Amino acid sequence: MAKMTDEERRVKDRERKRDLYKDPEAKARISARQRELRKDPEVKARINQRQREKYKDPEVKARISARDCERYKDPELRARIIERERERMKDPELRAIKNARERERQRERRKDPEIRAKENERNRERMKAPELRKIKNERQNYRYKNPELRAVKNEYSRERYKDPELRKIKNERQRERRKKPELRAMMNERNRERMKAPEAKARKMNRSREVGGSHFRRATKRGNHAERFKRADIFERDGYKCAYCKKKVTINTAVLEHRIPIAKGGSHTPENCTTSCAKCNAEKAAKLVNGMQITIFDKVKP
């Protein structure tokens with residue numbers, strides 16, 4: 001009997017596994033056994049190491065990629081693979097592991113400027129198709145309307161922004177996108193469409209009135225001391241009266257006034273803030289209180 005070559009042995013093993021996987025019970029039994037084996041960290045690390053070693057060989061990598069491409073050309077096989085992946089992703093643990101691994105892989109890939117530029121160019125080409133752009137917008141809208149998904153995305157973004165390199169890359173990318181008139185117009189149009197929703201408009205108004213985000217950002221950017229507090233608390237403390245002209249103001253007409261302007265090194269804290277009307281706020285501008293005829297500290301009782 002002639003001795004089989006390595007290629008013939010691989011083909012025979014592949015055919016044997018294919019025949020074995022046609023039996024649903026055997027397939028389920030093998031899958032369960034593999035899952036149990038992968039729960040052991042040592043076995044899982046050994047399998048991953050073996051796969052990484054295999055992928056270091058260019059011939060093996062090219063052969064596996066070619067095989068996957070050929071398999072995906074078969075509609076039935078492609079549908080079966082997609083269905084199997086959907087079933088696997090129903091398990092929260094497997095989904096979390098895959099997402100973490102994918103994020104780590106993308107983070108490592110995007111550190112390379114050439115790969116990042118190539119991916120950006122490919123995404124721009126894909127987004128030129130109206131159907132793909134529509135699908136992406138619908139998916140983003142669905143994720144944004146879902147409170148749980150939105151909370152997960154916000155938490156993930158906050159964690160990523162703690163990395164100085166990733167924050168620098170994202171800021172640079174946004175500045176480059178803003179330089180292009182087409183992208184800037186598209187982003188402005190998308191923001192206008194989003195702000196037409198009553199929920200988004202109310203959320204923006206509440207955020208600007210309650211927390212004073214723009215003042216907080218300005219003070220932080222200049223290196224001044226800043227605290228987060230509700231603007232309504234300051235207005236109620238001052239009895240909804242302008243500190244300059246003593247006119248009554250409402251929540252819609254009141255303006256948060258800084259006694260020592262942020263531009264002059266003032267802090268964004270309740271002690272340095274008071275209530276003002278729009279006219280007096282514009283008249284004072286960024287001038288110090290000592291240079292004005294009205295002494296604000298005499299008129300306002302903290």
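Here are the numbers:
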{"item": "Residues with amide H under 5 Å from that of His268, placed H, sequence gap 5 or more", "result": "His225, Ala226, Glu227"}
{"item": "Euclidean distance between Cα centres, the range 161-185 to the range 56-103, Å", "result": "32 Å"}
{"item": "Zero-based 5 Å bins, Cα pair distances in the range 225-299, whole percents", "result": "3, 17, 30, 27, 18, 5, 0"}
{"item": "Net lengthening on full extension, Arg116/Lys54 (0.36 nm per residue, minus Cα-Cα)", "result": "19.7 nm"}
{"item": "Residues Glu104 and Asp13, FRET efficiency given R0 of 45 Å [Cβ-Cβ distance, rounded to 0.05]", "result": "0.90"}
{"item": "Ranked by how many other beta carbons lie within 10 Å on average, peptides 163-169, 234-240 from highest", "result": "234-240, 163-169"}
{"item": "The range 255-272 - phi-based ³J(HN,Hα) in whole Hz, Karplus 6.51/-1.76/1.60, Gly and Pro as x", "result": "10, 6, 10, 9, 4, 9, x, 4, 5, 9, x, x, 8, 9, 9, x, 5, 9"}
{"item": "GNM top mover of Tyr21, Tyr55, Tyr156 - the chain, alpha-carbon springs below 10 Å", "result": "Tyr21"}
{"item": "Helix 6-21 vs. the chain, principal-axis angle (Cα, 0 to 90°, nearest 10)", "result": "70 degrees"}
{"item": "Charge dipole (the chain, unit charges on Cβ, about Cα centre) - positive-most of Pro92, Pro41, Cys277", "result": "Cys277"}
{"item": "Too-long pairs where the Cα-Cα distance tops 25 Å, listed order kept, from Lys61/Lys111; Lys17/Lys73; Lys136/Lys162; Lys98/Lys170; Lys61/Lys153", "result": "Lys136/Lys162; Lys61/Lys153"}
{"item": "Lys pairs, the range 225-299 - Cα-Cα below 19 angstrom, 8 or more residues apart or on other chains", "result": "19"}
{"item": "Most fluctuating residue given options Arg133, Arg184, Arg35, as computed from a GNM of the chain linking Cα atoms under 10 Å", "result": "Arg35"}
{"item": "Highest average packing first - 119-127, 278-286, Cβ atoms within 10 Å", "result": "278-286, 119-127"}
{"item": "Size of electric dipole in the range 225-299: Cβ of Lys, Arg +1 and of Asp, Glu -1, about Cα centre, debye, nearest 20", "result": "220 debye"}
{"item": "Among Val43, Val249, Val152, residue whose mean-square fluctuation peaks in a GNM of the chain (springs only between Cα atoms under 10 Å)", "result": "Val43"}
{"item": "Tail beyond 34 Å, pair distance distribution of the chain (Cα, percent)", "result": "52 percent"}
{"item": "Shape category assigned to the range 46-133 from the gyration tensor of Cα positions, a/c cut at 1.5", "result": "rounded"}
{"item": "Pairs of alpha carbons in the range 1-155 whose separation is greater than 20 Å (percent)", "result": "73 percent"}
{"item": "Relative contact order, percent, the chain [alpha-carbon distance under 8 Å, six or more residues apart]", "result": "8 percent"}
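Read the figures in this text as sums done on the coordinates, not as results from a lab. For clarity, every value in this text was computed on a predicted model and none was experimentally measured. No Cβ is skipped: glycine too gets one built from the backbone with ideal geometry, and neighbour counts run over all protein chains shown.
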